[in-house]
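S.K.: Got a structure for you, written out below as structure tokens; questions coming shortly.
Please treat every number below as a calculation from the coordinates, not as lab data. From a predicted model like this one, the values you see are computed outputs, not experimental measurements. Quick reminder, even Gly has a Cβ in these numbers, built from the backbone with ideal geometry, and neighbours come from all protein chains shown.
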Amino acid sequence: MHVSNVLHLGVKELRSLMRDVVMVALVIYSFTISVYTSATARPETLNKAPIAIIDEDRSPLSARIVDAFYPPYFLPPKLINQADADARMDAGLDTFALDIPLGFQRDLLAGRNAVVQLNVDATRMSQAFTGSGYIQSIINGEVNTFLQGYRAKDRPAVDLVLRARFNPELNQTWFGAVMQIINSVTMLSIILTGAALIREREHGTVEHLLVMPVTPFEIMVSKIWAMAALVLGVSLFSLLVIVRGLLAVPIEGSLPLFAVGTALHLFATTSLGIFLGTIARSMPQFGLLMMLVLLPLQVLSGSATPRESMPEFVQFIMLAAPNTHFVILAQAILYRGAGLAVVWPQFISLILIGSALFSFSLARFRKTIGTMA
Amino acid sequence: MPSRAETVRGYVQGMHAHWLAAQARQVFGSAVTGQVVIETRFRYNPDVKSLVAMVPAVIPILLMMIPSILTALSVVREKELGSIVNLYVTPTTRLEFLLGKQISYIVLAMINFVLLSVLAVFVFRVPLKGGFLTLAAAALLYVIATTAMGLVISTFTRSQIAALFGTAILTLVPAMQFSGFIDPVSSLEGVGRVIGEIYPTTHFLTIARGTFSKALNFSDLHTSFLPLLIAVPVLIALSAALLKKQEK
């Protein structure tokens, strides 16, 4: 292997990419504007949830409850009648419809239990669950205040104080911004390497490579380093300028350590890109194949939903995916300030997965490169 | 992960309150009276199964990505490999060229849609409570819109890599994050909200959830058809206007 060959071929990759202005613009877009909008648009856990209230009681107490729902958690409640409730929920206008029955205040004042009905649109999973918890505690709070005639001061015998560590305000932007970068890193690295290979095949330039005194190993390594370096560069830029600068998300851990982790992850994903490039025969095929690979990688990696709540079988399989380890190490380093002592198992796993994917892809690349021209 | 923390917090508070109530019952003997009971009804999905909630929402996402990527590639491929010269040298108009491209992918996407629906109903056992015809009509409009989005993207990209990547980020991110897939559009803020209001996925998602889970028909959902009907000619006109009849 000649290092200079690898270097030159890699520079060639970067040059051919730079010539594609739209592509460069898209790469920049996905690491700047796209990260920013998806981090800021993603609402807090419960943000402006649409709620409608059917107030049949029309008592001071029910008016109190109506007034207790206000932004940012809820949109100002719409007062509707029972006939409209179903139609509004069918049309997706409200996630919650609260029905306060006639005689609600009377029953409570008489010391009887009173019942309110809360209808939840369960097709909106995330909002449905957090929201109904909030509504429950808001109603209980208002009722207690009303019954005692003043805002409750006596605390329960055993009080509960919850502390959210590492993200005390449970700020979604902190979480969303970094996860968006992680997803872009994976997507871009697979697309760039795989598509670069397909492009050479479709244009017939693989033939140029074959007549040059370079080995398949050198070709593959050059593609990997060039694309990995590019993606690493833009992702670190995005982390520093967009996430830390513009979005003011505090980054706890060491950036160099994160960069090493990203590089290891890129080693695995770019090898995967080459592998997909050797399987697909044309760009449309590659596009569909990429969907098949990318969607499970991203959805099951733990960047969208917590790993612990997946079936154990899925958790086990996903240990073989580089994303899973990358998400774990990124969260540990960036949010919790973890050092190498904590994330070394993820580093080892990434090295193992990367080497396996690399050698597998190389074997396939060697075998198929002759037929590509 | 804030959502996980919120869920944990809810459970801990619930357990704490429950334990306090149990202790109070043990010590004071009787249940506390004069309390408000909240009867929560999870509508449309009373067992709160995630499959029932997710499957109708994933269909719009897939019908957004795959048709748009394939359509965009079909045009850009010709540009990259040079066969677009056929458009330049023959009297074919831009609209004819684009519609010809589009129709085959609309047919393909509709086959896709039928397969997805069959899979949803028979394999995943998600009940289709509303009208299938309503859903199919909406799907047809929707895939016309999504293939047209592919055409729009194809007009300003010159390489297949850019078309593939561009379509992926320009469709995947809005479809997953701004279209009510996770949070309803009315809860979003800023640019995401604006995109969500006009994006076709939002409206098809409402229709898909309406027909699958809420047993609705055309008469209940016609307001969601309108934005799709508007999106189609706008997108096609845009792509026809942006496509160059001659190479510069």
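S.K.: What full-extension length gain, to one decimal in nm, is calculated for residue B:107 and residue B:26 as 0.36 nm per residue of separation minus the Cα-Cα distance?
M.R.: 22.4 nm is the gain from fully extending residue B:107 to residue B:26.
S.K.: Follow-up question, since we're still on this one. Length gain on complete extension for the stretch residue A:78 to residue A:21, per 0.36 nm per residue less the alpha carbon to alpha carbon distance?
M.R.: On the way: separation 57, 0.36 × 57 = 20.52 nm, distance 4.93 nm.
Contour length minus Cα-Cα distance gives 15.6 nm.
S.K.: Tell me which residues come under 5 Å, amide H to amide H, from residue A:78 once H is placed; ignore anything under 5 positions away on its chain.
M.R.: Amide H neighbours of residue A:78, under 5 Å, 5+ apart: A:51, A:52, A:53.
S.K.: Apply the Karplus curve 6.51 cos²θ - 1.76 cosθ + 1.60, θ = phi - 60°, to the phi angles in segment A:103-113 and return the couplings in whole Hz, x for Gly and Pro.
M.R.: Working through the residues one at a time gives x, 5, 5, 4, 4, 5, 5, 7, x, 8, 7 Hz.
S.K.: Can you pull the Rg over Rh of chain B, Cα-only, Kirkwood?
M.R.: Numbers: Rg = 23.9 Å, Rh = 20.7 Å.
Looking at chain B, the ratio lands at 1.15.
S.K.: Can you give the % of DSSP beta bridges in the protein assembly as shown that are antiparallel, to the nearest 5?
M.R.: Details: 4 of 20 bridges.
Just about 20 percent of them are antiparallel.
S.K.: Quick one: A:174, A:344, fewest Cβ neighbours within 10 Å first, how do they rank?
M.R.: Working: A:174 22, A:344 11.
The most exposed by this proxy come first: A:344, A:174.
S.K.: I'd like to verify something in chain A: which complete DSSP H helices, judged by Cα projection on the helix axis, reach 30 Å or more and average at least 0.0 on the Kyte-Doolittle scale? Walk me through the numbers on the way to the answer.
M.R.: On the way: long enough: A:125-148 (35 Å, 0.15); A:172-203 (45 Å, 0.60); A:216-237 (32 Å, 1.63); A:255-279 (35 Å, 1.61); A:340-372 (46 Å, 1.20).
Helices passing the filter in chain A: A:125-148, A:172-203, A:216-237, A:255-279, A:340-372.
S.K.: Positive end of the dipole of the protein assembly as shown, charges at C-beta (+1 Lys, Arg; -1 Asp, Glu), about the Cα centre: which of A:177, A:197, A:327 has its Cα farthest in that direction?
M.R.: Result: A:197.
S.K.: When the Karplus curve 6.51 cos²θ - 1.76 cosθ + 1.60 is applied with θ = phi - 60°, which whole-Hz ³J(HN,Hα) does each residue of segment B:135-144 get, with x for Gly and Pro?
M.R.: The phi angles translate into 4, 5, 4, 5, 4, 4, 4, 5, 6, 4 Hz.
S.K.: Just how large is the dipole of segment A:51-147 about the Cα centre, in debye to the nearest 20, putting +1 at every Lys and Arg Cβ and -1 at every Asp and Glu Cβ?
M.R.: Working: 7 positive and 12 negative charges, 47 e Å.
Roughly 220 debye for segment A:51-147.
S.K.: A further question on this structure: Karplus couplings for segment B:162-176 from phi (6.51 cos²θ - 1.76 cosθ + 1.60, θ = phi - 60°), rounded to Hz, Gly and Pro as x?
M.R.: Computed from phi, the couplings for segment B:162-176 are 5, 5, 5, 5, x, 5, 4, 6, 6, 9, 5, 5, x, 5, 7 Hz.
S.K.: Then there's this: Over the Cα atoms of the protein assembly as shown, what radius of gyration and what Dmax do you get, in Å?
M.R.: 27.4, 94
S.K.: Taking every DSSP beta bridge with both residues inside segment A:51-147, roughly what % is antiparallel (nearest 5)?
M.R.: Working: 4 of 11 bridges.
Given both bridge residues lie in segment A:51-147, the antiparallel proportion sits at roughly 35 percent.
S.K.: Among the trypsin sites (Lys or Arg not before Pro) within segment A:141-239, which fall in a DSSP loop and have no more than 13 other Cβ atoms within 10 Å of their own Cβ?
M.R.: Here the trypsin sites (Lys or Arg not before Pro) that fit, given the DSSP loop and packing criteria, are A:151, A:153, A:163, A:165.
S.K.: Can you list the residues, at least 5 places off or on another chain, whose amide H is less than 5 Å from the amide H of residue B:159, using H built in the peptide plane?
M.R.: When sequence neighbours closer than 5 places are left aside, there are no close amide H contacts.
S.K.: Greater than 19 Å separation of Cα atoms is the criterion. Which listed pairs, A:12/A:223; A:12/A:367; B:49/B:214; B:101/B:244, meet it?
M.R.: Details: A:12/A:223 9 Å; A:12/A:367 23 Å; B:49/B:214 15 Å; B:101/B:244 15 Å.
Violating the 19 Å Cα-Cα cut-off are A:12/A:367.
S.K.: Which parts of segment A:307-335 would a label at residue A:356 reach, counting a residue when its backbone N lies under 18 Å from a point 7 Å out along Cα-to-Cβ?
M.R.: Counting backbone N atoms under 18 Å from the label point, the list is A:313-329.
S.K.: Also, I was wondering about something else. Take A:244, A:58 and order them by how many other Cβ atoms sit within 10 Å, fewest up front.
M.R.: Details: A:244 16, A:58 13.
By the 10 Å Cβ count, ascending, the order reads A:58, A:244.
S.K.: Roughly how big is the protein assembly as shown's charge dipole about its Cα centre, with Cβ charges of +1 (Lys, Arg) and -1 (Asp, Glu), in debye to the nearest 20? All intermediate terms of the calculation are to be shown ahead of the outcome.
M.R.: Values: 46 positive and 36 negative charges, 206 e Å.
The calculated dipole for the protein assembly as shown is roughly 980 debye.
S.K.: In whole percent, what relative contact order does segment A:51-147 give with Cα contacts below 8 Å and a gap of six or more residues? Spell out each step's value before the answer.
M.R.: On the way: 122 pairs, mean separation 32.1, N = 97.
Over segment A:51-147, the number comes to 33 percent.
S.K.: For the residues A:270, A:215, B:7, B:171, what sequence is obtained by ranking on other C-beta atoms within 10 Å, fewest first?
M.R.: On the way: A:270 28, A:215 15, B:7 18, B:171 24.
Least crowded to most crowded, the residues run A:215, B:7, B:171, A:270.
S.K.: Could you tell me what % of all Cα pairs in segment A:277-359 have separations over 23 Å?
M.R.: On the way: 1066 of 3403 pairs.
When every Cα pair of segment A:277-359 is considered, 31 percent fall beyond 23 Å.
S.K.: Tell me, what is the percent relative contact order of chain A, built from C-alpha pairs under 8 Å that lie six or more residues apart? Working shown, then result.
M.R.: On the way: 455 pairs, mean separation 72.0, N = 373.
Contact order relative to length: 19 percent.
S.K.: Follow-up question, since we're still on this one. At a temperature of 4 °C and a viscosity of 1.567 mPa s, determine how fast segment A:51-147 diffuses translationally according to Stokes-Einstein, using the Kirkwood radius over alpha-carbon pairs as Rh; express D in µm²/s, rounded to the nearest whole number.
M.R.: On the way: Rh = 13.7 Å.
Here the translational diffusion coefficient equals 95 µm²/s.
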